[in-house]
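Peer 1: To start, I am sharing the structure in question, which I have written as structure tokens.
The values are calculated or read from the model by the stated rules, or taken from the named source; none is laboratory data. Here the structure is a predicted model, which is why all the values come from computation and not from measurement. No Cβ is skipped: glycine too gets one built from the backbone with ideal geometry, and neighbour counts run over all protein chains shown.
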Amino acid sequence: MTDTLTRDAIAQKIKRLEYRNLAFIDGQFVPARSGKTFPTLNPATGEVLTEVAACGSEDVDLAVQAARRAFNAGVWSGLAPAERKAIMKRFADLIDEHRLELAILESLEAGKPIGECFNVDIPDTANTIRWNAETADKLYDAVAPTAPDVVATVRREPLGVVGAVLPWNFPAMMVGWKLGPALVTGNCVVVKPAQLTSLSTLRIAELGHKAGIPAGVLNVVPGLGSTAGQAIGMHPDVDLIAFTGSTAVGRRFLEYSAATNLKRVALELGGKNPQVVMPDVSDLKTVASNVLASAFWNMGENCSAGSRLVVHRSIKDALLDEMLVQLEADWKTGDPLDPELRLGALIQKDHMDKVLGFIDRAKAAGLTLLTGGERILEETGGYFVAPTIFDEVPRDAEIAREEIFGPVLAVIPFDTEEEAIAIANDTCYGLAASLWSDDISTVHRMSKAIRAGTVSVNCFSEGDITTPFGGYKQSGFGGRDKSVYAHEHYTELKTTWIKLA
Ligand code: NDP
């Protein structure tokens, strides 16, 4: 890995940056059949970066046909697992080699801080591909415990064609989370990135092809959800939808499936995640820095953001005082390409207005605004919102219940453990939670009682590639991302029952 993250290196790389802005179908960059394009913007300036091919159902159909041809020909699923592993490891290496370029694409298009893109998002993407690659020749199928006159094998086989429909908040990471398990299990894939963030995905697909992934195995159809996204959801020859995004659109994919070929649907959806702080914690400084990071990392545009701080009344004020000091010192908002800053722009004007709407209604309802609560840096033309904390938020307030997907933290005090658990679980979501306590019994009791796919204790985290990620209740459906558990929904179980003579 030769890239380093300096202002000079960023400036040099931007000068030479070339956008891949066409669809990637059957191993080639091609315009949309209609010739239509849509602009993609830099949310930190409001300027258009480039025009991207706007794929419609015709293009989706071509991509699905290419994927099906590749699947049927066995150019990928028919390889020895060790060969798939080698190609995917080269793919991961190429992502690492292009780390700075990909980080810049992420930062420019999504307004994300370049330091996070460079140090977290792109390495995570490469690591996910590499980790999955390593599983190719290490996982065994099963032989069933049948009677002696029968041999029955239970094998995992690829589904065929996977449609991956993705969000804008972690464009490269989400591609990695879907491609890793989909490809290693032998599937062919058609990816639709979010219309706001196509550029890194298109470049990643090109790198995959360069690494040796055969034509047709990995296709990208940029476009709008209502056209390209729906066309993938309704396509009769797609076997699985792997989706990350809002709960509302996730529901649509279940409807598409029901209306067409009963394709499998795996959904990673929203969250309204609690961070529960018990009164026995001794190190408030550490708790404060983690609570801030959980709430504001990626500007709160994170399905697992800890957007509800459920804190014991006896330590609430001390914790908030410490948080405000750290917020002022460590959480500066500004140019996403500045490697020193931790907060960039929100994804687009409409989304910023939605976030400001939540803030305005909370103010109008008389909630206590501790800090932030406004648009900032308007003179840049970018969509920046100050990190915002409301104190003494009632459980039923809008900002305590709705996923805001912005830098807004609702502080909800409690008096008893039972109340803390009730508040934590008082949501239609169940994606992630954090729990802070120095007492091991409290940790065991409460982490069991909190209904969420991941409960992080004395930290905030989505786990790593070895652990499954996904949600209870309306945060998820049909499978988990990451770890070997992710392989389950990308494969069918095949029983072969052999009666011996
Ligand atoms: P959406 O659910 O709206 O979009 C996710 C993907 O689905 C995008 O590729 C989108 O395309 C596509 N899509 C949109 N409408 C349809 C449709 N009718 N049929 C098929 N595909 C469709 O999420 P957004 O990214 O717009 O974010 C909206 C909200 O979703 C956020 O505010 C947040 O609450 C939640 N969210 C949750 C995420 C998570 O990780 N769990 C991640 C991102 C968002 P297009 O880009 O063209 O709209």
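Peer 1: Tell me the residue from Val484, Val385 that is more than 16 Å from the ligand (Cβ to nearest atom) and at negative phi, please.
Peer 2: Details: Val385 fails: more than 16 Å from the ligand (Cβ to nearest atom).
Step by step, each of Val484, Val385 is checked, and only Val484 is more than 16 Å from the ligand (Cβ to nearest atom) and at negative phi.
Peer 1: Let me ask something additional. Just checking, does region 59-73 include any residue being surrounded by 17 or more Cβ atoms within 10 Å (Cβ to Cβ), assigned to a loop (DSSP other than H, G, I, E, B) and modelled with pLDDT of 95 or more?
Peer 2: No, that holds for no residue.
Peer 1: Would you call Thr197 within 30 Å of Lys349 (Cβ to Cβ), outside the structural domain of Asp464 (by TED's automatic domain parsing) and crowded, with 22+ Cβ neighbours inside 10 Å?
Peer 2: yes
Peer 1: Let me ask you something else. Which of (1) more than 7 Å from the ligand (Cβ to nearest atom); (2) within 22 Å of Ala67 (Cβ to Cβ) does Glu268 not meet, given it meets every other one?
Peer 2: Single failed check for Glu268: (1).
Yes or no, residue by residue, for (1) assigned by TED's automatic domain parsing to the domain that holds His351; (2) surrounded by 13 or more Cβ atoms within 10 Å (Cβ to Cβ); (3) among the hydrophobic types (A, V, I, L, M, F, W, C); (4) over 24 Å from the mean Cα position of the chain (by Cα):
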position: Ala9; (1), (2), (3), (4): no, yes, yes, yes
position: Glu18; (1), (2), (3), (4): no, no, no, yes
position: Asn21; (1), (2), (3), (4): no, yes, no, no
position: Leu41; (1), (2), (3), (4): no, yes, yes, no
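Peer 1: How many residues are under 17 Å from Thr388 (Cα atoms) and either of a type in the set (S, T, N, Q) or assigned to a helix (DSSP H, G or I) (or both) when one looks only at region 311-337?
Peer 2: Matching residues across region 311-337 total 15.
Peer 1: Given the conditions (1) closer than 30 Å to Glu301 by Cβ; (2) within 25 Å of the chain's Cα centre (by Cα); (3) assigned by TED's automatic domain parsing to the domain that holds Val165, and given that Ala32 satisfies all but one, which numbered condition is not satisfied?
Peer 2: Exception for Ala32: condition (2).
Peer 1: To continue, here is another question. Since Glu116 meets every condition but one in (1) part of a helix (DSSP H, G or I); (2) closer than 29 Å to Ala63 by Cα; (3) within 16 Å of the ligand (Cβ to nearest atom); (4) not hydrophobic (A, V, I, L, M, F, W, C), which condition does it not meet?
Peer 2: Going through the list (1) part of a helix (DSSP H, G or I); (2) closer than 29 Å to Ala63 by Cα; (3) within 16 Å of the ligand (Cβ to nearest atom); (4) not hydrophobic (A, V, I, L, M, F, W, C), Glu116 breaks only (2).
Peer 1: Output yes when any residue across region 79-98 is touching a residue at least 12 places away in the same chain (Cβ under 8 Å), closer than 26 Å to Asp338 by Cβ and assigned to a loop (DSSP other than H, G, I, E, B), and no when none is.
Peer 2: yes
Peer 1: For the list (1) buried (at least 24 other Cβ atoms within 10 Å of the Cβ); (2) among the charged types (D, E, K, R); (3) closer than 16 Å to Asp438 by Cβ, I need the number of the one condition that Asp283 fails.
Peer 2: With (1) buried (at least 24 other Cβ atoms within 10 Å of the Cβ); (2) among the charged types (D, E, K, R); (3) closer than 16 Å to Asp438 by Cβ applied to Asp283, the lone miss is (1).
Peer 1: Can you list the strands (runs of 3 or more DSSP E) lying wholly within region 132-241 that have 3 or more residues being more than 10 Å from the ligand (Cβ to nearest atom) and touching a Ser or Thr at 6+ places or on another chain (Cβ under 7 Å)?
Peer 2: Fully inside region 132-241 and qualifying: 150-158.
Peer 1: Can you say whether Asp121 is surrounded by 21 or more Cβ atoms within 10 Å (Cβ to Cβ), among the charged types (D, E, K, R), free of Cβ contacts under 8 Å to residues at least 60 places away in the same chain and not in a strand (DSSP E or B), as far as the supplied structure shows?
Peer 2: In short, yes.
Peer 1: Related question: Is there a residue in region 248-256 that is over 21 Å from the mean Cα position of the chain (by Cα) and in a helix (DSSP H, G or I)?
Peer 2: Yes, region 248-256 contains a residue that is over 21 Å from the mean Cα position of the chain (by Cα) and in a helix (DSSP H, G or I).
Peer 1: Also, quick follow-up: When the residues of region 242-265 are narrowed to those that are aliphatic (A, V, I, L, M) and surrounded by fewer than 22 Cβ atoms within 10 Å (Cβ to Cβ), which ends up farthest from the ligand (Cβ to nearest atom)?
Peer 2: Filtering first and then ranking leaves Leu262.
Peer 1: Within region 318-337, count every residue that is small (Gly, Ala, Ser) and either under 27 Å from the mean Cα position of the chain (by Cα) or more than 14 Å from Phe296 (Cβ to Cβ) (or both).
Peer 2: 2
Let's see how each residue does on (1) within 16 Å of the ligand (Cβ to nearest atom); (2) assigned to a loop (DSSP other than H, G, I, E, B); (3) within 22 Å of Trp168 (Cα to Cα); (4) in contact (Cβ under 8 Å) with a residue 60 or more places away in the chain:
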{"position": "Asn298", "(1), (2), (3), (4)": "yes, no, yes, yes"}
{"position": "Leu309", "(1), (2), (3), (4)": "no, no, no, yes"}
{"position": "Ile347", "(1), (2), (3), (4)": "yes, yes, yes, yes"}
{"position": "Asp353", "(1), (2), (3), (4)": "yes, no, yes, no"}
{"position": "Leu369", "(1), (2), (3), (4)": "no, no, no, no"}
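Results for (1) under 26 Å from the mean Cα position of the chain (by Cα); (2) surrounded by 24 or more Cβ atoms within 10 Å (Cβ to Cβ), shown as yes or no for each residue.
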position: Ala142; (1), (2): no, no
position: Thr153; (1), (2): no, no
position: Pro158; (1), (2): yes, no
position: Val161; (1), (2): yes, yes
position: Val165; (1), (2): yes, yes
position: Ala172; (1), (2): yes, yes
position: Gly176; (1), (2): yes, yes
